Amino acid sequence: MKRALITGVTGQDGSYLAELLLSKGYQVYGMRRRTSTPNYENVIHIKDQINWVSGDLNDLASLIEAVRVSDPDEVYNLAAQSFVAASWPQPIATGQMTAIAVTNMLEAVRIMKPMAKFYQASSSEMFGKVVETPQKESTPFYPRSPYGVAKLYGHWITVNYRESYNMFACSGILFNHESPRRGLEFVTRKVTDGVARIKLGLANELRLGNLDAQRDWGFAGDYVAAMWLMLQQDTPDDYVISTGETHTVQEFVEIAFSSVGLNWRDYVVMDEQFMRPAEVDLLLGDCTKAKEELGWELKVSFEELVKMMVQSDLKRMEAIQSQ
Ligand code: GDP
């Protein structure tokens, strides 16, 4: 039985990845950080199947202990400060959790289990002010936020540990990926949650920032399969994971509202507070390498994703209402 350690297991990606690995018969270890109000919402259905180890990304000793206890064949480093907008008010914390923490994890693995395979969650935000379209593995990076800068450090330190220590370290450059488990502060979930509230008469407007930004949005459940596939190869490498389609925030909004018979123009209000100091205008990924080398496939389309998220938020809100 293979053993995997996942950091960030209670987040969107961690929960889908844990489900996938459990279905493949893995023994799954999930690292959790102590908080006064723990949040297991995404993993509540598999909480008892996960072996919990405590650890904090900024505490190397705890990471060494987590690797010792879990004795993993595969390590998936998904934990981070992952919200771009929060990286301006908290640039240093973002640097510690999203950049330096990657070195902490790599060191823990190098010291305790150097033969373990390592996955680093890199991000399309590293392309930022894009220098070519579509973006692929060879596209130069130009991050546009403290988050993007921190992810770039995490990306390169992973490459460096592969080259310095011959570790099996991979970096997945994942474009935006969403689901009903996406955090409510991200624009997709904010929109689908807002649509559900408006539909049920619990709200009468939705305040948003830049509707012109374009993103390559896929379904998180499809993307965690790519993480796993990267670690099943003979040689470690870096891969772009994306849909190859780009849509504006406005298109997402239009489909979300029209899927419940509403016109977005009647409800969406522009609000300056959701504009960013520097914006990533356009992301569009070319994942040819992942398709060809990993045999990775996309299952859920953009429209299906939007509708899945709206339906899920409607159900959740109806359940709350009927309590
Ligand atoms: P990101 O691509 O990781 O930054 O994912 P987000 O979902 O946070 O943002 C995607 C895009 O939506 C960015 O270009 C934002 O500027 C834009 N956007 C427009 N209005 C909002 C909003 O109210 N909240 C968020 N989070 N993003 C918004």
At 222 nm, what value in deg cm²/dmol follows for the chain if DSSP H runs of at least 4 each add -39500 (n - 2.57) and the sum is divided by all its residues, to the nearest 500? -11000 deg cm²/dmol
Heavy-atom accessible area per residue - region 1-160, 1.4 Å, Å²: 43
Might you tell me the accessible area per residue for region 170-323, computed with a 1.4 Å probe and given in Å²? 44
Straight-line reach check, residue 47, cutoff 21 Å on alpha carbons, 8 or more apart in-chain or any other chain, hits among lysines -> 2, 24
I need the phi-derived Karplus couplings for region 305-317: 6.51 cos²θ - 1.76 cosθ + 1.60, θ = phi - 60°, integer Hz, Gly and Pro marked x. 4, 4, 5, 4, 5, 5, 4, 5, 5, 4, 4, 4, 5
Surrounding charge for residue 98, neighbours by C-beta under 11 angstrom, Lys/Arg +1, Asp/Glu -1, total 0
Nearest 10 degrees, 0 to 90: what angle lies between the long axis of helix 101-112 and the longest principal axis of the chain (Cα atoms)? 30
Helix axis angle, 220-231 relative to the chain longest principal axis, alpha carbon, degrees: 20
Checking region 259-323 for chymotrypsin sites (Phe, Trp or Tyr not before Pro) in a loop per DSSP with at most 12 other beta-carbon atoms within 10 Å yields none
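For the chain, what % of the accessible area comes from carbon and sulfur atoms, probe 1.4 Å?
49
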Near residue 222, within a Cβ-to-Cβ distance under 15 Å, what is the net charge of the other residues, with Lys and Arg +1 and Asp and Glu -1? -4
Roughly how many Å² of residue 217 are accessible to a 1.4 Å probe, to the nearest 10? 10
Around residue 303, what is the net charge, scoring Lys/Arg as +1 and Asp/Glu as -1 over all other residues with Cβ under 12 Å from its Cβ? -3
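The values are calculated or read from the model by the stated rules, or taken from the named source; none is laboratory data. This structure is a prediction, so every number in the text was calculated from the model and none was measured. All Cβ positions, even for glycine, are placed from backbone atoms using ideal geometry, and neighbour counts span all protein chains on display. Heads up: the accessible areas ignore ligands, DNA and RNA and are worked out on the full protein's heavy atoms, side chains in. Shrake-Rupley method; radii C 1.70, N 1.55, O 1.52, S 1.80 Å.
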